[in-house]
Amino acid sequence: MTTPTVVPGVLADPLLAVRRLTKYFPVQEGLFGRARGQVKAVDGVSLDVGHGETLGVVGESGCGKTTLGRAILRLVEPTSGDIRFDGVDVRALRGRALRTMRRSMQIIFQDPFSSLNPRMTIGATVREGLTVHRIAEGEAADRRVRQLLEEVGLRGEYASRYPHEFSGGQRQRVGIARALAVEPRFIVCDEPVSALDVSVQAQVINLLRDLQRDRGLAYLFIAHDLSVVEHMANRVAVMYLGRIVEFASSEALYREPLMPYTQALLSAVPVPDPVTKRQRIVLAGDVPSPANPPPGCVFHPRCHHPARDAACAAIVPPLEEKAPGHWVACIKQPPTAVPWDVQRQAGATHEPLRHLPVLAPQA
Amino acid sequence: MTSPADVLLRVTDLRTHFHLGGEVARAVDGVSFDIHAGETVGMVGESGCGKSVTALSLLRLVDPPGRIEPGSRIEFEGRDLLALDNEGIRRIRGNRIAMVFQEPMTALNPVFSIGDQVAEVARVHAGASRKAAWERAVEMLNLVGIPDPRERAKAYPHQLSGGMRQRVLIAMALVMNPSLLIADEPTTALDVTIQAQILELLASLQQKLGLAVLLITHDLGVVAEVTSRVLVMYGGQVVERAPVRELFANPRHPYTRGLLQAMPRLGDHRDRLAVIPGTVPPPTRWPSGCRFRDRCPYAWERCATEAPPEYPAGNGHGARCHLVDEPARDVALAAPVA
Amino acid sequence: MPDATPSSLAAFADTEPAPTTPGAPGRIAAVLRRDPAATVAAAVLLLIAAAAVFAPWIAPFDPALPLDVEARAQPPSSIHWLGTDPLTRDLLSRILFGARVSLGISFLAVLVATIVGTAWGALAGYVGGWVDRVLMSVVDAGLAIPRILLLLGIVAFWRTLSAPALVVVLGLTGWFGASRLVRAEVQAARRRDFAIAARASGASPARVLVRHVLPHAMTPMLVAATLGVGQVVVIEAGLAFLGYGVAAPAASWGNIIRDGREVLATAWWVSVFPGIALALTVLAINVLGDRLRAALGAPQLPAP
Amino acid sequence: MATWLVKRLAQGLVVIVLTTTITFFLIHAAPGEPFAGLLDDPRTTQQMRDAHRARYGLDRPLVVQYARFVASIGTGNLGESFTYHRPVADVLGDAIPRTLLLMGAAMLVGFAAGIALGTAQGARPGGWLDRITGSMAVLVASLPDFWLALLALLLFAATWRILPVSGFSDPTLSASAPLVVRAGDVLRHLTLPAGTLGLLVAAIVSRYQRAALIDVLPEPWLRTARAKGVPRHAVIFRHALRNALLPTITLGGLAVPALLGGAVFVEVTFAWQGMGSLAVQAVGDRDYPLVLAIVLLSSALVVAGAIVADVVHAIADPRQRHA
C-alpha cells in the first residue's frame, strides 16, 4: 500500500531534509532459520532539521530510531529514500566525497564504553578527525586536542590517557570532543545520556546545550526518555515500529499529545512527585515484532482510543496535520482526510472523536 | 508507625566489603534499616552506591572476594540470617525471601522452559511432585498475567519479550508466598510502557498477597509512584531516610536535593539543569568524613573531619548530614547551578 | 579543607583518573613479572632457545660425527650425559643441535602462517560478501584435511626438503585457523561503536581497518601464534618421526626419536630424552600462551 | 531443518571437492614418480615405465586425468591401488573400520573422562583438585602423540609386558575361535592405541570443559537459581553444566581432524592397520589413487563431524531448536 508522501514540518531552508527514508534488514533466525522476509526498521520516514535546532526522536526499543540516525549518516546504507544535507544529495556521494561530507555530520553514541577505542589514547581518538581532514597537524593538532578536551570539561593533560581510566560521564565527554573536532554543523545524538547516572546526565545535557548555543549546532536528538527529549528538543518526532506517528513542536506535543501511543507513553513516565496522582494509561501487551508488524495502524492492537475499531486494522493512517504544525497518524483523531464512508467500508463502527485523556501533571 | 513486633526484617550495621588484593572496597558500609510486614520500601541511589550489594547481602549471595563483615546483623522473622548455616539460608531463599533481578533477558536459564524454572521453586522448597509443581507453575504464570499460561509454560526464555520474562521472574519469586520480595531494578531494562505494566502488577500482587517489598531503583519517579518509605543511598551508606511524601517535600540531605534538581521532568521548562559536580568516587577511596563532601555545595570544615551520624529530623525522617545538626548553615543555596 | 563551593567546582571537577597503564606490550611484561607460572615458562623457553642458539659452543661432541664402535647405544654416563644413539653419536649434542632445527623452523613457520592468515582473514572479514564466501571456502577445505595428511602429501612427494622449504610448507598449511580467528575478530571489531565512530569521522576503510579493527585482532593472534609454535614443533617432529623431516644427518628432535624407536626395548634413552625436550618446550609454550590469554582478555575458549 | 540440512550438505560437498582437487593437483605437480618401488628402480626400462604409465592413464594430460578421476568417483569407483593391485575400495574396506574403532573408542574415553574432570575442576576453580589435575591436564596435552605412544609401548608392552605390542589382533588366534574370545583379543589390542589417543583427548576436553563451565558461572541466571534456593550441586550440575556442555558438544564434532591426525601416529607406532598407517605407507609408495581416496574420505569424515556437531548442538540448545 502506498501512502502519499507527507512531510511533517517542512522548513523553507532546512539543513537536513530526509524524504521517504527506509532501511530494511533481512531476517534470518537461528541455525535452521531461512530468510524470513525483512524487518522494516525504518519505514518511509520524512523529516526536516533546521539550522541550529534540535529535533527530538523518541520511541521505545526496536522502533527504529537508532537505525534512522545511522542511515541518515550513511553508517548503515539506506534501502531507499532521499537525504539532502545543505542541498547536497548525501545518498549520491561515494568514497572520498562521502568522507569529506562527514566533516559536517557527526554522531555521539549511547554506550560510552564501546564508543572509544580502548587501545587509543583519548587524545588520539579526538585527533583522528583532525588528521583525516587535514584540519591540523603536529603541534597545532596537539593544541587543538587539548582545547577540545577543555571545552567539554576535561583537563588537557588527559589526552595521553586511555579510555579505561575514565568514568562513563567522562568518556561521553570524550565522545563529544571527538565529534566536535571536525567542526560539524549537525550531530546525531544517539541516546547520549541514557547510560549515565542522573547527576552525570545533567552535566552532559547542559554541555550539549552550551555547545549548541555557542556553535550553532543542529541536533537530531534520539532518546527513549521523554523528559530528556522535552528538555532538549525544539520539535519532536515520535516513532513506533519504524514510522513517525506524531510530530509537533515540543511544547504542543507534551501539552496535548494527539496520537494515542504518545498519550500512553507520556502517561507511563513515572513522575517524581508522590502527591500528584495521575490517571495512567497502561498499554496491554508488547510492542509487536518489526518483522511482522500489524496491518493498518501499527499501534491499533494496543490502542486505548475509545473510537478504535476494525478500520484501524485496515487503513494505514496517513500522517496528517491535526493542528497547525502538529502532525499525527491516527484516523480516529479528527480532523482526518480519510472520509467516514471509506472508514465504514473498512469496517468502522465509531466515528472519529477527539480523545485527550488528562495526562500531564502540572509542574 | 507500626509497632516493633511488625518488624519483618531488621538490618543493623551491615557492612559488605570486597577484599581486592591489598585494597578494600567498602561497597556497603554500615547500613541499617527495618522493613515492616506488608510495606513497600524504596532504596534509591546511583550506580556504585551499594544498593545492589545490599540486596545480595540480605540473601547472602555475595561472592568472594566480597564478604559480609563480622558485626553485621540481618534479622528476619526473628532469626539471625548471618548465623544460619548454608542449608539454613538456602531454605530462606526463594521461600521466605524472594528476589527479582534487573536483567530479565539474562536472569532466566536459556535451556530450560519457563514452566520448569518456575516449578523448580516448588520442587526445591515444598518437595512437590513434578506434576504438582508444574500445576503450581501454571497457576503462578496465570497470576502474573501471562496469557494462555498452560501453553506458555512450555516456552523457552528466548521466545518471550523482556516484559514477559520479568513476569516469569516475578511468578518464580512468588511461588512459595514469601513474606518479603526484594526487587532489584526490576524495570530498568524495560521500555517505559512495559515498566508501567510491571509496576502495576507488583502493586496489585502486593495488595493481594500482603507481602513486603524492598524496591531498589535509581529512578526517583518509580520511588514516588510505588513506595511508602524511602532509603537514599550514597557511598555505601543510607544518607537519608523518610516517608516518601516527606522526602520529596523536604529533602534534608544535599545529595537528595541534588538528585531531585538534576533530573529533567515532564513539564519542566528550566533552561539548565542543576548538576551534582564530579562523579561517585570508587568504593576503595571514600573521602574522609562525609563521603559526599567533595561533591557537596554546602560542605565546610566539619564535613572533612567528622563523619556525620544519621541525625533524626522528626517524623521518621533522618539524614547523615551535619546540616541537620547545624540548620543555620542550611540557608537557601537555591538550586546550585553549575 | 576549604569550602567546596559550586563556583569552584563549576568546571565539573573530575575525579583524578587512575594512573595510565600501557597497552599490550606493557601488559605482557606485567604478566611475565607477576605471574609465577608465566615467569617460569618464559624462563624455560629462554633457556631452550639459548641452548639452541649456543649449541655449537656448548655441545660436548659433534652431533653428526660417529664416535667409536664401542660407544654404540650406551646408557647415560659421565662422558655421555644422556647416552649415545645406535650410530654411536652423543645424544646430548644431538638434542642441542636438534633444538636449533625444531625451534627455528617452527618459529619461522608460524611467522609465515600468521602473516598469511592475518591478511586472508582480514580481507575476508572486512570486505565480506562473496569475497568472504570464496576466501572462507578455501579455509574450510584447508581445515577439512588433517594437517598431517596434507603435509605428508606435500613433503613425501617432493622427497627431500631443505629447511627453508619446510618452513614454507609448514607455514602454508598452518594459516587456516589463524585466518578464521582474524576474520571473526575483524567482523566483531568493525561493528563496534568506535569503528563506526572512526568511519563517521571520515576515516577511509583502510585507515579504519589498520588503526581500529586489526589491533583488536592482534591480541588473540598473539596468543594463537604462541600456542601455534607449540603445535608446529610437534608437527615438525612428527614428520621427522615418520621419516619425512629434515634430511638425515642433521638432527631434529623428531628424527632422534625415530632413531630410538627401533631400539626402544634395549636403549630407551634415545627416544625418551629428545621427547622430554620436546614435551618441555611445548609445555612451556602452552603455559605461557594460556597465561597470556587470561591476562590479555583473549577468548577463554580457543577456536577449535 | 530439512532445507538447512540440504544447504549444509551442499556446502560440505564443495569442501570435499575442493580438498580432493587441491590434493590431486598437488600430487601430480610434485616432481617424483608414481610407483615408488618400481619406477625408481634403475633397472626398469623406459618401455616398462611407459607401459605402466599408459596402463594407469598417467600419460594423459593432467586435466584429462582429473576429468577421469572425477568421473570415476562419480560412479563410486575409487580406482586401483598401484601398490596393492587391488581396487582402492577393497584396500580401504579393511582399514576404515579399524580407524573408526580406534577413533570412536578414544573419543568415548576421552570425552567421558574429560567432561567429568573438567566439570569437577570448573565447579571449584582454584581449588586443590583444579590445581593438581589442571596442571596434569596441561602437561598431558603438551605431550606429542607419537612420543606418548612410544612411552606407552615401552612401559606396557616392552617393560611390563601386560599388553600386546602391536597389531589389530593376535595372528595365532584361530578364526574359528568363539566370538567372545576374538572380541576380547581385539579389545586387548585396542587398549594401548585407544588409551593413548583417549588420554590426549581427555586432557584437551577437560581444559575445554573447565573453561566452558567457568564461562557460564558469572551468568545472571545462575544467581537467579541460587536466589531461588536451589542447592549448590543442582546449581552446578543442573543449571550450569547443561549450558556448559553446549560448546563441548561442538568440540566433539570439530575434533575429527585432530583425531585423524593423532590416529596416523598412533596407528604407525602400534602397527594398527587402519587408514592412518595406510596413508603413511601410500604416501611413501606414491600410490596416487590410494592417497586421493584417503584424503577424500578424511575430508568427508571431517565434514560429517561438523554437521553432526551442528545438529546435536541445535537439538540440545532450545534457542536454535525453536528459531
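The values are calculated or read from the model by the stated rules, or taken from the named source; none is laboratory data. No experiment lies behind these values; they were computed from the predicted model shown. Here the Cβ positions follow ideal geometry from the backbone for every residue, glycine too, while neighbour counts run over all protein chains shown. SASA here: full protein model, heavy atoms, side chains in, ligands and nucleic acids out. Shrake-Rupley method; radii C 1.70, N 1.55, O 1.52, S 1.80 Å.
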Testing the spin-label approximation: label points 7 Å from Cα along Cα→Cβ at C:Phe54 and C:Val134. State their distance in nm. 5.3 nm
Would you list, by chain and number, the aspartates and glutamates whose Cα falls below 13 Å from the Cα of A:Lys322, excluding same-chain residues fewer than 8 positions away? A:Glu246, A:Glu256
By how many nm would the segment from D:Asp90 to D:Val64 grow when fully extended, if each residue of separation counts as 0.36 nm and the alpha-carbon distance is taken off? 6.8 nm
Between B:Ser228 and A:Arg213, how many nm apart are label points set 7 Å from Cα along the C-beta direction? 4.5 nm
Probe radius 1.4 Å, ligands and nucleic acids left out: can you give me the accessible area buried at the D-C interface, summed over both chains, in Å² to the nearest hundred? 4000 Å²
Which aspartates and glutamates, if any, have their Cα less than 16 Å from the Cα of A:Lys23, not counting same-chain residues under 8 positions apart? A:Asp43, A:Glu77, A:Asp82
Report, in listed order, any pair from A:Lys40/A:Lys332; A:Lys332/B:Lys154; A:Lys65/B:Lys208 with a Cα-Cα distance greater than 31 Å. A:Lys332/B:Lys154; A:Lys65/B:Lys208
Average partner chain C-beta neighbours within 10 Å, per residue of B:54-60? 1
With an 8 Å cut-off on Cα pairs and a minimum separation of 6 or more residues, tell me the relative contact order of the stretch D:100-275 in percent. 38 percent
Under the definition of Cα pairs under 8 Å and six or more residues apart, what whole-number percent is the relative contact order of the stretch A:87-214? 36 percent
Rank by packing, highest mean first: peptides B:51-64, D:75-88, D:232-245, with packing defined as the count of other Cβ atoms within 10 Å averaged across residues. B:51-64, D:232-245, D:75-88
Helix-only mean residue ellipticity at 222 nm, chain B, DSSP H runs n ≥ 4 weighted -39,500 (n - 2.57), per residue, nearest 500. What is it? -9000 deg cm²/dmol
Debye calc, one equal point scatterer per Cα of chain D, no solvent, log10 I(q)/I(0) at q = 0.10, 0.11, 0.14, 0.15 1/Å comes to -0.75, -0.87, -1.18, -1.25
For chain A, built as a Gaussian network whose Cα springs stay under 10 Å, the top-fluctuating residue of A:Val57, A:Val198, A:Val18: A:Val198
Accessible area (Å², 1.4 Å probe, nearest 10) - A:Asp225: 50 Å²
For A:Leu196, what accessible area in Å² do you get when you roll a 1.4 Å probe over the heavy atoms of the protein chains, rounding to the nearest 10? 20 Å²
If you count only protein heavy atoms and use a 1.4 Å probe, how large is the accessible surface of B:Arg26, to the nearest 10 Å²? 80 Å²
Candidate cut points under chymotrypsin sites (Phe, Trp or Tyr not before Pro) in the stretch C:79-128, DSSP loop plus at most 15 other Cβ atoms within 10 Å of their own Cβ, are C:Trp81
Given a 1.4 Å probe and every protein chain left where it sits, what share in percent of the accessible area of the protein assembly as shown is carbon and sulfur? 60 percent
Sticking with the crude label model, points 7 Å out along Cα→Cβ, report the distance from A:Glu77 to A:Ala124 in nm, one decimal please. 3.0 nm
Space enclosed by the convex hull of the alpha-carbon atoms of the protein assembly as shown, per residue, Å³: 227 Å³
Sequence of B:Met176, B:Met140 from largest to smallest accessible area, 1.4 Å probe: B:Met176, B:Met140
Give the cysteines in chain B for which no other Cys Cβ lies under 4.7 Å away, or write none if there are none. B:Cys49, B:Cys296, B:Cys321
Quick one: work out the % antiparallel among DSSP beta bridges in chain A, nearest 5. 60 percent
Check each of the trypsin sites (Lys or Arg not before Pro) in the stretch A:77-150 and keep only those in coil by DSSP with at most 11 other C-beta atoms within 10 angstrom; list them in order. A:Arg94, A:Arg134
Can you give the percent of C-alpha pairs in the stretch B:194-241 whose distance is more than 16 Å? 44 percent
Give me the distance between the Cα centres of the stretch A:224-268 and the stretch D:56-98, rounded to whole Å. 73 Å
Compactness of the stretch D:100-275 as Cα Rg over 2.2 N^0.38 Å, two decimals: 1.23
Provide a whole-number value for the mean count of partner chain Cβ atoms within 10 Å of the Cβ atoms in peptide D:12-22. 4
Please report the buried accessible area for the interface of A with B, total over both chains, probe 1.4 Å, in Å² to the nearest 100. 3600 Å²
Measuring from its Cα centre, the protein assembly as shown shows a charge dipole (+1 at each Lys and Arg Cβ, -1 at each Asp and Glu Cβ) which, in debye to the nearest 20, is 1180 debye
Out of A:Ser289, A:Ser104, A:Ser249, a Gaussian network model of chain A with alpha-carbon springs under 10 Å gives the largest mean-square fluctuation to A:Ser289
Two-site FRET efficiency, D:Met136 against D:His233, from Cβ-Cβ distance with R₀ of 25 Å, rounded to 0.05: 0.55
Just the accessible area per residue of the stretch B:1-150, please: how many Å² with a 1.4 Å probe? 40 Å²
Between B:Ala83 and C:Ala30, take the C-beta separation as r, use R0 = 35 Å, and let me know the FRET efficiency to the nearest 0.05. 0.25
Relative contact order (percent, whole number), chain B, Cα cutoff 8 Å, 6+ residue spacing: 19 percent
Which number do you get for Rg(Cα) / (2.2 N^0.38 Å) in the stretch D:192-323? 1.41
